[in-house]
Amino acid sequence: MPLFALLLMLAALPNPKVAVSSSGPKPESNVEYRFARAPWFMIYDPATSAWQSVDNSKAAGNPSGAGMEAARVLVDHGVKVVITGYCGTNAHRALSAAGIKIYEVSGGTVDQALRAYQAGRLSELK
């Protein structure tokens, strides 16, 4: 199957991978308010019901371009939804250009943020 056709199929999946900006590497960690400066991303894969922790220290420590680097990391992991407290302009543009939807959450744990998203209780940032 051509790569383009495979990418189109993955983009149409009804249950996309979800990344939550996190203060730590566990679903019980608190949501990190700042997308690009989050020390970790917790990625939930509904196909396997598994969490993956992704170290974002390289992007978070970048004095400029943190948003672009953090967005690239999530694109590389096949994420289609991001949950965070705040997403800067450059990161928002990069995520949107990659077809990633961004949802706003205010506090709580990573797991709680995922459940709020799944229940349709989060607002999409446009």
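The values are calculated or read from the model by the stated rules, or taken from the named source; none is laboratory data. No experiment lies behind these values; they were computed from the predicted model shown. Please note: Cβ atoms are built from the backbone with ideal geometry, for glycine as well, and neighbour counts cover all protein chains shown. The area values use the complete protein model at the heavy-atom level, side chains included, leaving out ligands, DNA and RNA. Shrake-Rupley method; radii C 1.70, N 1.55, O 1.52, S 1.80 Å.
With respect to being within 22 Å of residue 126 (Cβ to Cβ) and either modelled with pLDDT of 95 or more or of a type in the set (A, V, I, L, M, F, W, C) (or both), residue 68 fits the description. Within region 67-89, identify whether any single residue is open to solvent by 40 Å² or more (accessible area, probe 1.4 Å), of a type in the set (Gly, Ala, Ser) and without any contact (Cβ under 8 Å) to a residue 60 or more places away in the chain, and answer yes or no. No, region 67-89 contains no residue that is open to solvent by 40 Å² or more (accessible area, probe 1.4 Å), of a type in the set (Gly, Ala, Ser) and without any contact (Cβ under 8 Å) to a residue 60 or more places away in the chain. Within region 111-126, being touching a residue at least 24 places away in the same chain (Cβ under 8 Å) and touching a Phe, Trp or Tyr at 6+ places or on another chain (Cβ under 8 Å) holds for 114, 117, 122, 125. Within region 92-126, the set of residues being open to solvent by 40 Å² or more (accessible area, probe 1.4 Å), part of a strand (DSSP E or B) and aliphatic (A, V, I, L, M) comprises 125 only. For region 94-122, the set of residues classified as among the small types (Gly, Ala, Ser) and either more than 20 Å from residue 38 (Cα to Cα) or under 13 Å from the mean Cα position of the chain (by Cα) (or both) consists of 94, 96, 97, 98, 99, 113, 119, 120, listed by residue number. List the number of the failed condition for residue 32; all other conditions in (1) among the acidic types (Asp, Glu); (2) at pLDDT 95 or above; (3) in contact with a helix residue (DSSP H, G or I) (Cβ under 7 Å, 6 or more places away or on another chain) hold. Evaluating residue 32 over (1) among the acidic types (Asp, Glu); (2) at pLDDT 95 or above; (3) in contact with a helix residue (DSSP H, G or I) (Cβ under 7 Å, 6 or more places away or on another chain) leaves (3) as the failure. Among the residues of region 18-35, the one identified as part of a strand (DSSP E or B), open to solvent by 30 Å² or more (accessible area, probe 1.4 Å) and of a type outside the set (S, T, N, Q) is 34.
For region 8-29, check the following and say yes or no: at least one residue is among the acidic types (Asp, Glu) and in contact (Cβ under 8 Å) with a residue 40 or more places away in the chain. Yes - at least one qualifying residue is present in region 8-29.
Here region 52-65 is the region considered, the condition is being surrounded by 16 or more Cβ atoms within 10 Å (Cβ to Cβ) and not polar (S, T, N, Q), and the residue that is modelled with the highest pLDDT is 54.
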